Amino acid sequence: METILLLAHTEIDGSLAKSAREALHAAATLHKSLAGSKLVIGLIGENVQAAANSIAACPATKHLGVTGADFSQSRYATDAAAAEAIFKAAQATVIVAPATSRWARVLPGVAQRLGGRVDTHVTGAAAADGKISVNRWYYKQRMEGALTRTQRPWFIGVDPGSQTACDCGAGTAEVEMVAVNLTEAQKRTTVVGLREPKADAQTIRPDAQLLFVTGAGWTKKQADGQTHVPEAEKLILGFLKATRASLGSSKSLVDLGGEGQAVLPFLSHLNQIGQTGATPRHAKGLSTCCHGEEPHTVGWRFINERRAISLDPNCGWARGKADVLYVADAFAVMQKVNESLATKT
Amino acid sequence: MSTAYQIIVCAGIVPDPLQTLEPVASPTGPALKNEMMLPAVLDPWAGHALYEAANLAKNTPGSKVWLVSLGPKAKLQQVMMTVAQRVPFELIALDGPASGFTEAAEVAAALAEAIQTIPGLDKSKLLVFGGWESASRGAGATMQMVGERLGIVDQFQGVDQGNLPEPKNNPQVGMTNMRTVMPALQKAKPTKLAGEGLTFASVTLPKQMRETKIVKDKSADDIAKEIVEWIKK
Ligand SMILES: Cc1cc2nc3c(=O)[nH]c(=O)nc-3n(C[C@H](O)[C@H](O)[C@H](O)COP(=O)(O)OP(=O)(O)OC[C@H]3O[C@@H](n4cnc5c(N)ncnc54)[C@H](O)[C@@H]3O)c2cc1C
């Protein structure tokens with residue numbers, strides 16, 4: 001008989017992130033398919049009442065919390081102690097958690113401490129005939145595996161963006177507090193602050209509907225024999241401003257920065273999509289001035305609808321990588337797109 | 001006076017990213033087609049960790065770097081031919097599978113055990129480095145487990161200022177390293193990873209082909225209209 005624990009941390013403002021609701025959806029789905037199983041909610045944060053209330057209608061038998069100022073910030077030692085305490089109070093066998101950067105750091109260590117196993121970056125979890133199986137990707141999203149485990153506890157880190165968020169309603173949840181006595185050694189790491197790029201400089205937006213991808217073509221000589229980098233910059237930033245899309249790039253374009261050429265200053269290697277870059281999740285993706293080569297399109301694994309604008313009718317996008325390829329000049333098209341977005345908003 | 005560090009870098013090996021990879025079933029679970037024939041490289045994120053470690057050691061006199069690596073001996077040797085040219089380290093080799101389908105907890109147990117056998121290990125000077133995710137299993141789980149096994153509860157991920165260049169090949173460093181690399185490979189401890197309790201139901205390549213509609217002769221205006229409609233949908 002499984003006891004499924006949804007383990008989540010609150011955000012700084014005390015709320016629950018969408019990724020936590022997605023993990024809850026996965027946990028609740030397992031609970032529903034496993035006859036006789038129990039669902040327990042475990043929350044960690046400075047204060048967890050508001051978060052617990054926000055999902056009060058979910059079919060959990062118990063809400064557990066570890067709270068206090070020591071648990072407001074992400075820190076390995078205290079997060080691990082809190083997760084361990086909640087696990088013990090819940091007597092869980094399967095722990096489902098959102099694979100946020102905070103939990104990604106700590107859950108494998110907790111699994112080790114408790115003699116269990118962990119699977120991270122899980123993109124699907126299901127149960128049939130009393131058996132749980134999970135899906136995850138291997139070799140940089142090049143192949144997908146489905147696996148089961150006999151060991152318990154089994155920690156399952158669910159990749160943000162891979163599930164629908166649970167829509168269970170709010171109410172009043174009774175949270176049972178679990179005490180954690182921290183030692184000074186566990187508080188040796190101090191979080192001194194958070195540094196974030198300015199809102200406008202923040203071009204990577206994991207929650208955006210649309211991924212906008214720029215390729216090296218934006219910096220290449222155009223039909224008139226000239227490059228038009230300042231114009232490219234204006235078009236790209238204009239589009240991002242109007243749509244709040246997330247900005248991705250080909251490797252060739254971000255690499256140009258290192259070679260001392262005139263390039264787009266708002267792009268860094270963090271924007272790179274592909275086999276040696278990121279594999280973000282967005283409902284739609286629009287590629288511009290990019291050739292759509294295999295090492296690049298590997299990064300599009302989790303982009304559902306894909307369109308591309310390239311001058312080359314034989315580029316990779318044409319060969320089954322995109323749903324629609326517009327063989328056209330991206331400068332001209334994006335100019336019109338931006339104009340149209342400006343008049344409509 | 002600055003503290004000298006003992007820096008241990010855990011780094012595996014992975015197939016060269018240029019290679020085409022295809023999953024196959026083997027008696028011991030999933031594997032890659034022609035796995036032993038695929039050229040290997042040092043796992044990229046772990047490679048960064050090695051270069052960071054070497055940089056820290058260089059700037060902190062008296063420090064030393066160990067590289068702990070688990071992989072098939074012959075492949076480790078091939079990878080060390082280039083890696084050993086880059087930065088000074090002492091190799092501790094474990095002879096076992098480098099597959100992405102191995103179990104992180106078992107790998108961590110083997111690595112932690114190897115680390116504990118290092119003579120003169122001083123936990124007050126110890127820093128354990130590693131990649132935050134491998135390019136094979138891609139789980140980002142092994143290092144935390146190694147840390148737990150060694151009693152290290154100050155753990156950090158994604159530690160990177162992103163401004164350290166890849167070191168150039170230095171034949172002299174290579175010569176010095178090779179003096180310890182070859183003996184380390186010779187006495188590499190055979191390591192079995194049983195994948196206990198773990199069963200793969202399937203490993204498959206994704207269906208990649210889409211039916212691409214190629215739009216050739218539309219004006220920029222019409223295309224823009226279509227795109228805006230699609231974005232707003
Ligand atoms: C081991 C390895 C790993 C790699 N990893 C990655 C990775 O993670 N990510 C990645 O992106 N790449 C990766 N690459 C590189 C990849 O193979 C390609 O070289 C790269 O993606 C090409 O970038 P691009 O399409 O922007 O540039 P290009 O190949 O130069 O293509 C530019 C495109 O722009 C088009 N163009 C030019 N002007 C216009 C215009 N006005 N309007 C419309 N279209 C225009 C051209 O027709 C062309 O199709 C990797 C390569 C290797 C070997």
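The values are calculated or read from the model by the stated rules, or taken from the named source; none is laboratory data. The shown structure was predicted, so the numbers you read here are calculated from the model rather than taken from an experiment. Because the Cβ atoms are built from the backbone with ideal geometry, glycine has one as well, and the counts that use them run over all protein chains shown.
Looking at (1) among the small types (Gly, Ala, Ser); (2) surrounded by fewer than 22 Cβ atoms within 10 Å (Cβ to Cβ); (3) touching an Asp or Glu at 6+ places or on another chain (Cβ under 9 Å); (4) closer than 25 Å to residue A:197 by Cα, which is the only condition residue A:223 fails?
Here residue A:223 clears every test but (4).
Of the conditions (1) surrounded by fewer than 18 Cβ atoms within 10 Å (Cβ to Cβ); (2) out of contact with any Lys or Arg (no Cβ under 7 Å at 6 or more places or on another chain); (3) not in a helix (DSSP H, G or I), residue A:307 satisfies every one except a single condition; which number is it?
Unmet condition: (1).
Please find, within region B:12-38, the residue that is farthest from the chain's Cα centre (by Cα) out of those that are within 16 Å of the ligand (Cβ to nearest atom) and surrounded by fewer than 19 Cβ atoms within 10 Å (Cβ to Cβ). Give the steps one after another, and end with the answer.
Start the filter on region B:12-38 by keeping residues that are within 16 Å of the ligand (Cβ to nearest atom), which leaves B:13-21, B:38.
Imposing the further condition that a residue be surrounded by fewer than 19 Cβ atoms within 10 Å (Cβ to Cβ) reduces the set to B:16-20, B:38.
On the way: B:16: 12, B:17: 12, B:18: 16, B:19: 16, B:20: 19, B:38: 16 Å.
Ranking the qualifying residues of region B:12-38, first place goes to B:20.
Residues of region A:308-328 being more than 7 Å from every other protein chain (Cβ to nearest Cβ), more than 30 Å from the chain's Cα centre (by Cα) and under 16 Å from residue A:220 (Cβ atoms), which ones?
A:311, A:312
Looking only at region A:251-302, which residues are in a loop (DSSP other than H, G, I, E, B) and within 24 Å of residue A:138 (Cβ to Cβ)?
A:274, A:275, A:276, A:277, A:279, A:280, A:281, A:292, A:293, A:301, A:302
As an exercise: evaluate residue B:77 against (1) surrounded by fewer than 16 Cβ atoms within 10 Å (Cβ to Cβ); (2) touching a residue at least 12 places away in the same chain (Cβ under 8 Å) and give the number of the one condition it does not meet.
(1)
Any residue in region B:158-168 that is touching a residue at least 12 places away in the same chain (Cβ under 8 Å) and polar (S, T, N, Q)?
No: region B:158-168 contains no residue that is touching a residue at least 12 places away in the same chain (Cβ under 8 Å) and polar (S, T, N, Q).
Applying the selection to region A:254-306, what residues are within 11 Å of the ligand (Cβ to nearest atom), more than 20 Å from the chain's Cα centre (by Cα) and among the β-branched types (Val, Ile, Thr)?
Across region A:254-306, the qualifying residues are A:254, A:288.
Checking the structure you have, find out if any residue of region A:91-107 is part of a loop (DSSP other than H, G, I, E, B), away from chain B (no Cβ under 12 Å) and within 23 Å of residue A:166 (Cα to Cα). Step through it out loud before you land on a result.
Quick first cut of region A:91-107, residues part of a loop (DSSP other than H, G, I, E, B) only: A:91-93, A:99-100.
Among the residues that remain, those that are also away from chain B (no Cβ under 12 Å) are: A:91-93.
With the extra rule that they be within 23 Å of residue A:166 (Cα to Cα), the set shrinks to A:92-93.
The answer is yes; a qualifying residue exists.
Please count how many residues of region A:292-304 are farther than 18 Å from residue B:227 by Cβ and surrounded by fewer than 21 Cβ atoms within 10 Å (Cβ to Cβ).
So in region A:292-304, the residues farther than 18 Å from residue B:227 by Cβ come out as A:293-299, A:301-302.
Adding the requirement that they be surrounded by fewer than 21 Cβ atoms within 10 Å (Cβ to Cβ) leaves A:293-295, A:301-302.
Matching residues across region A:292-304 total 5.
Just to verify a result, which residue in region B:188-212, among those that are in contact (Cβ under 8 Å) with a residue 12 or more places away in the chain and assigned to a loop (DSSP other than H, G, I, E, B), is farthest from residue B:98 (Cα to Cα)?
Filtering first and then ranking leaves B:205.
So which of B:9, B:65, B:41 is in contact (Cβ under 8 Å) with a residue 24 or more places away in the chain, touching a helix residue (DSSP H, G or I) at 6+ places or on another chain (Cβ under 9 Å) and within 16 Å of the ligand (Cβ to nearest atom)?
After ruling out the rest, the residue left standing is B:41.
Would region A:276-291 turn up any residue that is touching a residue at least 24 places away in the same chain (Cβ under 8 Å), surrounded by fewer than 23 Cβ atoms within 10 Å (Cβ to Cβ) and hydroxyl-bearing (Ser, Thr, Tyr)?
yes
Condition first: touching a residue at least 40 places away in the same chain (Cβ under 8 Å), over 18 Å from residue B:93 (Cβ atoms) and either in contact with a Lys or Arg (Cβ under 8 Å, 6 or more places away or on another chain) or not in a strand (DSSP E or B) (or both). Now tell me which residues in region B:12-38 satisfy that.
Answer for region B:12-38, where residues must be touching a residue at least 40 places away in the same chain (Cβ under 8 Å), over 18 Å from residue B:93 (Cβ atoms) and either in contact with a Lys or Arg (Cβ under 8 Å, 6 or more places away or on another chain) or not in a strand (DSSP E or B) (or both): B:17, B:22, B:23, B:28, B:35.
For every residue, the table says whether it meets (1) more than 9 Å from chain A (Cβ to nearest Cβ); (2) on the phi > 0 side of the Ramachandran plot; (3) touching a residue at least 24 places away in the same chain (Cβ under 8 Å).
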position: B:125; (1), (2), (3): yes, no, yes
position: B:133; (1), (2), (3): no, no, yes
position: B:147; (1), (2), (3): no, no, no
position: B:150; (1), (2), (3): yes, no, yes
position: B:172; (1), (2), (3): yes, no, no
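When you go through A:208, A:232, A:199 one by one, which is the residue that is assigned to a loop (DSSP other than H, G, I, E, B), modelled with pLDDT of 90 or more and not basic (Lys, Arg)?
Working: A:232 fails: assigned to a loop (DSSP other than H, G, I, E, B); A:199 fails: modelled with pLDDT of 90 or more.
Within the list A:208, A:232, A:199, the selection yields A:208.
Among (1) more than 28 Å from residue B:164 (Cα to Cα); (2) part of a strand (DSSP E or B); (3) of a type outside the set (Asp, Glu), where does residue A:248 come up short?
(1)
Inside region B:142-152, can you point out the residues that are surrounded by fewer than 22 Cβ atoms within 10 Å (Cβ to Cβ) and either of a type in the set (Val, Ile, Thr) or at pLDDT below 95 (or both)?
Once the filter is applied, which keeps residues that are surrounded by fewer than 22 Cβ atoms within 10 Å (Cβ to Cβ) and either of a type in the set (Val, Ile, Thr) or at pLDDT below 95 (or both), region B:142-152 yields only B:152.
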